[in-house]
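Novice: I'd like to ask you about the structure that follows.
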Amino acid sequence: GGAAPAQPLLGHVVQDSFMGPITNQVVNFNIYLPQGYDTAGNSQRYPVIYHLHGITGNQGGGQNTVVPAASEDALAQRIIGPVIIVFPNGYADSWWANGINGDKQAETDVMSQLIPHVDANFRTIATPGARVIEGFSMGGFGATKFYTKFPDQFAVCVEYDGAIVTWAVMLQFHAQLAQEIFGNSEAYFNLFSPWHWSVQNAGVLQQGPPIRMVVGALVGGNQNFRNHLQSLNIPVEYVLTGCAHDIGCLFDAQGVASAAFIASHVDLSPSEPADLNGDGHVNIADLLMLVAAWGPCAGSCPADLDGNGAVNMADLLALVGAWG
C-alpha cells in the first residue's frame, strides 16, 4: 500500500530479467538507477540497496516509487549520495526462502544469482560494505533473515513493519504456506528464519551496526524480535511510527532517517574495477565474467574497464594487469 509521492522520480526504474545459472529459471527484478547514471563515466560506481517486497507482491508496484523517492529526498538534503535500488521478486509468498518443493528459490535467487548479476552488469561498488538489505512486511522477515544468516554480505539491515513470525505464528496464521514453502517442518523453517540465524551468528552480529526496525501496525511481533535481539546483545535501533501496515506511511515517516542511518554505515570506498565480483581479488572468477560480457556494451558496463563501449582485448589486458 501507500500512495506514490506527487513529485516524479529524477532517476528511473528499469524492468529486467536473466536466466539464473543455478536454478535454470528466469530471475525477474526491477532496478532503480539514480539521476545521471546513464551519462556518468564508467568510473562512477554506487552503493546498492536491495529492497524486499511484502506478501502477495513482486518486483514491481508502488515500492518502485516510494522507496526511490525517499532516497531522492535524502539526496536533495545532502544526507546520502546517489544509490542503486534493486527490487527482487519473492514469488508472492515465498517468505524469501527456498521453497521445499524447489519451485520458489527466493534465497538462491537473491544471494547466488541476483547479487552477482547486478554487480557484473551495473556500476555498483561491488563489496559487502556498500550493500544494504531492507524490506517491508514479509520482506522485513526476509531482510532480517538475509542479514543474520549472511552478516558478511551486507553493511546494514533496515526492516519496515516486518512480519517477523515464529514457527508457531506461521502455523497459526499461514498454515497453507507452512506446508507449501516449509513442508510443515520447523527444522526447515529455521534454515530461513532470523530467529534461528540471529542465535547462530550472534557473535558476529554483536560487533556490527544496529538492525534498524521501523514499526507500524505489527508491534507485537517486532517487540518480541527486538527483545530477542537484545537478549543476545545484538544492537537494535527500534522506531515506532504510529503508521498502519502501509509502506507509504512508513517511508514518509522514516525513509529519510533510514537513509541517514544507511549513509552512516556504508563504505563508499570504490572497489578495484577489475574485481568484477567484489570478492577482494582479481582472479579466474573475474576473468570468466569478463569473457561472458565480451563484445559491444549497451551503454557502459562494469567489464568495459576502459570505457570504450566494448569488452575486448584491452579490457582483458587491464584485468590481467590487476591480477591478484
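The values are calculated or read from the model by the stated rules, or taken from the named source; none is laboratory data. Given the structure is predicted, the values throughout are model-derived calculations rather than measurements. Heads up, the Cβs are rebuilt from the backbone with ideal geometry, glycines too, and the neighbour counts pull from every protein chain shown. For the accessible areas, the whole protein counts, side chains as well, though only heavy atoms, and no ligand, DNA or RNA atoms are used. Shrake-Rupley method; radii C 1.70, N 1.55, O 1.52, S 1.80 Å.
Novice: Could you tell me whether the stretch 173-277 comes out rounded, prolate or oblate from its Cα gyration tensor? Rule is a ≥ b ≥ c as square roots of the eigenvalues, rounded for a/c under 1.5, then prolate if a/b exceeds b/c, otherwise oblate.
Specialist: oblate
Novice: Something else now. Name the residues of the stretch 53-74 whose amide N is less than 14 Å from a point 7 angstrom out from the Cα of residue 10 along the C-beta direction?
Specialist: 68-74
Novice: Would you work out if the chain is rounded, prolate or oblate? Take a ≥ b ≥ c from the square roots of the eigenvalues of the alpha-carbon gyration tensor; rounded if a/c is under 1.5, else prolate when a/b is larger than b/c, oblate otherwise.
Specialist: Judged from the Cα gyration tensor, the chain comes out prolate (a/c at least 1.5, a/b above b/c).
Novice: Putting +1 on Lys and Arg Cβ atoms and -1 on Asp and Glu Cβ atoms, find which of 160, 150, 94 reaches farthest to the positive end of the dipole of the stretch 49-162.
Specialist: Going by the charge dipole, the pick is 150.
Novice: Can you compute the charge dipole magnitude of the stretch 252-323 about its Cα centre, using +1 on each Lys and Arg Cβ and -1 on each Asp and Glu Cβ, nothing else charged? Give it in debye, rounded to the nearest 20.
Specialist: Using Cβ point charges on Lys, Arg, Asp and Glu, the stretch 252-323 gives about 80 debye.
Novice: Something else: In whole Hz and in residue order, list the ³J(HN,Hα) couplings for the stretch 171-183 that follow from phi through the Karplus curve 6.51 cos²θ - 1.76 cosθ + 1.60, θ = phi - 60°; x for Gly and Pro.
Specialist: 5, 6, 10, 9, 4, 5, 6, 4, 7, 5, 8, 10, x
Novice: May I pose another question? Lys and Arg at +1, Asp and Glu at -1: add these up for the other residues within a Cβ distance under 10 Å of residue 201 and post the number.
Specialist: Here the count lands on 0.
Novice: If you don't mind, another one. What residues of the stretch 206-242 lie in the reach of a label at residue 199, counting those whose backbone N is under 17 Å from a point 7 Å from the Cα along Cα→Cβ?
Specialist: So the set is 206, 224-234.
Novice: Moving on to the next point. Sort by residue number and name the cysteines in the chain that have no neighbouring cysteine Cβ under 4.7 Å.
Specialist: 157
Novice: To the nearest 10 square angstrom, how much accessible area does residue 313 have with a 1.4 angstrom probe?
Specialist: 100 Å²
Novice: Continuing with the same structure: Using the heavy atoms of the protein chains alone and a 1.4 angstrom probe, what is the accessible area of the chain per residue in square angstrom? Intermediate values should be presented prior to the final figure.
Specialist: On the way: 13120 Å² over 324 residues.
Value for the chain: 40 Å² per residue.
Novice: Follow-up. What is the set of long-range amide H partners of residue 211 at a cut-off below 5 Å, with H atoms built 1.01 Å from backbone N?
Specialist: Here 236, 237 satisfy the definition.
Novice: DSSP loop (so not H, G, I, E, B), at most 14 other Cβ within 10 Å: list which chymotrypsin sites (Phe, Trp or Tyr not before Pro) in the stretch 248-324 pass both filters.
Specialist: Taking the stretch 248-324 and a limit of 14 other Cβ atoms within 10 Å, the loop chymotrypsin sites (Phe, Trp or Tyr not before Pro) found are 294, 323.
Novice: Quick one: work out the % antiparallel among DSSP beta bridges in the stretch 33-185, nearest 5.
Specialist: Roughly 10 percent of the beta bridges in the stretch 33-185 run antiparallel, per DSSP.
Novice: Here's another thing I want to ask about it. In the chain, which whole DSSP H runs stretch at least 20 Å along their own axis (Cα) and average 0.5 or higher on the Kyte-Doolittle scale?
Specialist: Membrane-span-like by this criterion, though nothing is claimed about a membrane: 247-263.
Novice: Using just the helices of the chain, give the 222 nm mean residue ellipticity in deg cm²/dmol: DSSP H runs with n ≥ 4 each add -39,500 (n - 2.57), and the total is spread over all residues, rounded to 500. Working shown, then result.
Specialist: Values: 12 runs with 110 residues, N = 324.
That calculation yields -9500 deg cm²/dmol at 222 nm.
Novice: Quantify, in whole percent, the carbon and sulfur part of the accessible surface of the stretch 222-301 (1.4 Å probe; protein heavy atoms only). List each step's numbers first, then the result.
Specialist: Details: 2170 of 3900 Å².
The computed percentage sits at 56.
Novice: Let me check I've understood the local charge: for residue 279, count other residues with C-beta under 13 angstrom from its C-beta, Lys and Arg +1, Asp and Glu -1. What total comes out?
Specialist: -4
Novice: Ignoring any ligand, DNA or RNA, what whole percent of the accessible area of the stretch 4-93 comes from carbon and sulfur when the probe is 1.4 angstrom?
Specialist: 50 percent
Novice: Stretched out fully, how many nm does the piece from residue 232 to residue 260 gain, at 0.36 nm a residue minus the Cα gap?
Specialist: Result: 7.5 nm gained on full extension.
Novice: Also, quick follow-up: Would you calculate the separation in nanometres between label points at residue 44 and residue 152, each defined as 7 Å from the Cα along the Cα-to-beta-carbon direction?
Specialist: A separation of 3.4 nm, rounded to one decimal place.
Novice: Charges at C-beta only: +1 for Lys and Arg, -1 for Asp and Glu. How large is the resulting dipole of the chain about its Cα centre, in Debye rounded to 20?
Specialist: That gives the chain a dipole magnitude of about 460 debye.
Novice: Sort 67-76, 170-179, 213-222 by packing, meaning the average of other beta carbons within 10 Å per residue, with the highest value first.
Specialist: Highest to lowest by the protection proxy: 67-76, 213-222, 170-179.
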